[in-house]
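Read-outs throughout are calculated quantities, based only on the coordinates presented, and are distinct from any laboratory measurement. Bear in mind the structure is a predicted one, so any value in this text is a computation, not a measurement. Here the Cβ positions follow ideal geometry from the backbone for every residue, glycine too, while neighbour counts run over all protein chains shown.
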Amino acid sequence: QQQVKQSPQSLIVQKGGISIINCAYENTAFDYFPWYQQFPGKGPALLIAIRPDVSEKKEGRFTISFNKSAKQFSLHIMDSQPGDSATYFCAASGLTGGGNKLTFGTGTQLKVEL
Amino acid sequence: NAGVMQNPRHLVRRRGQEARLRCSPMKGHSHVYWYRQLPEEGLKFMVYLQKENIIDESGMPKERFSAEFPKEGPSILRIQQVVRGDSAAYFCASSLIGGRNNEQFFGPGTRLTVL
């Protein structure tokens, strides 16, 4: 079963706080894990991505933590800002079916309050 | 450097009509993916195409839906005899090369409403 489970469904964080979104997967063939950010009425935009050969990747205020044995990965947004308010999707892909079709989580609506 | 372009951005159809959604990939990209997003849900893979070839259509409904990516021109997602359940946002993504782990760039989507 190629599923990616994402939580929480929604999240409210105060400005300057840390936003944490979690995802879990089942298919051990997955080997690429991107996070996408989507604003209302827009298409998803790649935020940061990780491969399972590393346990953490940081780009600016965004960090992915990856736990291969637990088949879990998470997005941390440090110093969260109102402009970060958006829907965040985790995704995964692997060699199944050719190409790199993405299997998405159900999304987390993040709201950063002043 | 234009990104992925989709048109129309909004499309309204009555039940039984046909819907044609167009996607122009980023310049130099020859791999196109179509995804569907239902309200309050994540994106679901539909089909992966290269120029003139369908590589993976495992996410496409068996009936009424078809996709193409001709040698010249945009990729087309065609939905025949639309039903209300087809109402969704349809996103196209493109990548420079195929294969694993290659970044996909998404277009702004086409929001289809079936009356």
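For segment B:55-75, residues that are within 18 Å of B:Ser24 (Cβ to Cβ) and without any contact (Cβ under 8 Å) to a residue 24 or more places away in the chain total 5. Just to be sure, is B:Glu40 free of Cβ contacts under 8 Å to residues at least 60 places away in the same chain, more than 9 Å from chain A (Cβ to nearest Cβ) and surrounded by fewer than 22 Cβ atoms within 10 Å (Cβ to Cβ)? No; evaluated as a whole, the condition is false for this residue. Whether any residue in segment A:87-101 is in a loop (DSSP other than H, G, I, E, B), in contact with a Pro (Cβ under 7 Å, 6 or more places away or on another chain) and surrounded by fewer than 17 Cβ atoms within 10 Å (Cβ to Cβ) is what I want to check. The answer is no, given that none of the residues of segment A:87-101 is in a loop (DSSP other than H, G, I, E, B), in contact with a Pro (Cβ under 7 Å, 6 or more places away or on another chain) and surrounded by fewer than 17 Cβ atoms within 10 Å (Cβ to Cβ).
Surrounded by fewer than 20 Cβ atoms within 10 Å (Cβ to Cβ) and closer than 25 Å to B:Tyr33 by Cβ - does that describe any residue in segment A:14-22? Taking every residue of segment A:14-22 in turn, none turns out to be surrounded by fewer than 20 Cβ atoms within 10 Å (Cβ to Cβ) and closer than 25 Å to B:Tyr33 by Cβ. Do the conditions hold for B:Pro108, that is, is it within 13 Å of chain A (Cβ to nearest Cβ) and farther than 24 Å from A:Gly94 by Cα? In short, yes. Based on what the data block shows, is B:Met26 touching a Phe, Trp or Tyr at 6+ places or on another chain (Cβ under 9 Å), at the interface with another protein chain (Cβ under 10 Å from one of its Cβ atoms) and farther than 20 Å from A:Phe39 by Cα? No. The set of residues from segment A:34-86 being in contact with a Pro (Cβ under 7 Å, 6 or more places away or on another chain), free of Cβ contacts under 8 Å to residues at least 24 places away in the same chain and within 14 Å of chain B (Cβ to nearest Cβ) comprises A:Lys42, A:Gly43, A:Leu46, A:Ala49. Being of a type outside the set (A, V, I, L, M, F, W, C), surrounded by fewer than 20 Cβ atoms within 10 Å (Cβ to Cβ) and part of a loop (DSSP other than H, G, I, E, B) is a property that does not hold for A:Thr63.
Of the listed requirements (1) over 23 Å from A:Gln6 (Cβ atoms); (2) within 12 Å of chain A (Cβ to nearest Cβ); (3) among the hydrophobic types (A, V, I, L, M, F, W, C), B:Phe65 misses just one: (2).
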